[in-house]
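The structure appears right after this line, and notes come after that.
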Amino acid sequence: MTPPPYAIGVDTDVTALRDADHLLSDLAARLGLPEDVFGCTHLVRDGGRRRVALSLAAADAAALGTARAALTGQGYAVTDGAPDRSGRAVLYPGAARLTGTLTVAELLERSAIARVRVLGDPAPPDPGLPLVTREFVRPRWEDGELVLAAMPHAGGTLVPFEDPAPTPCCADH
């Protein structure tokens, strides 16, 4: 699946991906966005200001027009287009159906994810290989495709590369 043709960028003061994920989900629920809308996070740096911007993309410009008006009314700076072409997808068609352990083929069938890339392996994974979703599947746009980076896990399974509960750097200091 290619990125939808209509997109808006939403500037935020959020600096952590986890907070951006929650904000994006909250905004989508409050705006009543349909399931076919893509919501992504984008790491942005303007001079010394680092933050996580959001994007919403849809096949229907009218859905984004309504979202733009609501977000602007809430004080957000909204622009045409996504901040970049490599957003990290939080909301996408089928995301809610990616729970538990699925085969690679089931993951691809149930969602807008076009392919799975296993870190360190140039070959595509076996479609029957189990993937433990951890209820946290965050693919990225790569060359116009939604791609999930995965890594080998215990018992011959895969897990998404991004951990849902990462240990902060220097947490034990």
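Glu162 satisfies every condition listed in (1) closer than 23 Å to Ser25 by Cα; (2) of a type outside the set (Lys, Arg); (3) part of a helix (DSSP H, G or I) except (3). In the range 99-138, counting only strands (runs of 3 or more DSSP E) that sit wholly within it, none holds 3 or more residues that are within 20 Å of Gly39 (Cβ to Cβ) and among the polar types (S, T, N, Q). Which condition from (1) at negative phi; (2) surrounded by 11 or more Cβ atoms within 10 Å (Cβ to Cβ) is the one that Ala165 breaks? Result: Ala165 passes all but (2). Only one of the numbered conditions (1) modelled with pLDDT under 95; (2) out of contact with any Asp or Glu (no Cβ under 9 Å at 6 or more places or on another chain) is violated by Pro164, and that is (2). Just the residues that are in contact (Cβ under 8 Å) with a residue 40 or more places away in the chain and closer than 25 Å to Thr15 by Cβ, please, taken from the range 47-63. Residues satisfying the conditions are Arg51, Val52, Ala53, Leu54, Ser55, Leu56, Ala57. Give me the residue from the range 139-159 that is in a loop (DSSP other than H, G, I, E, B) and touching a residue at least 12 places away in the same chain (Cβ under 8 Å) and, out of that set, nearest to Arg88 (Cα to Cα). Out of the qualifying residues, it is Pro139.
Of the residues Thr133, Thr103, the single one that is farther than 21 Å from Leu17 by Cβ, polar (S, T, N, Q) and in contact (Cβ under 8 Å) with a residue 24 or more places away in the chain is Thr103.
Do we have Gly156 as more than 30 Å from Asp13 (Cα to Cα), surrounded by fewer than 18 Cβ atoms within 10 Å (Cβ to Cβ), out of contact with any Gly (no Cβ under 7 Å at 6 or more places or on another chain) and at pLDDT 95 or above here? Considered against the rule, which asks whether it is more than 30 Å from Asp13 (Cα to Cα), surrounded by fewer than 18 Cβ atoms within 10 Å (Cβ to Cβ), out of contact with any Gly (no Cβ under 7 Å at 6 or more places or on another chain) and at pLDDT 95 or above, Gly156 comes out as no.
The values are calculated or read from the model by the stated rules, or taken from the named source; none is laboratory data. Remember, predicted model here, so these are calculated numbers, not experimental data. Virtual Cβ from ideal backbone geometry, glycine too; neighbours counted across all protein chains shown.
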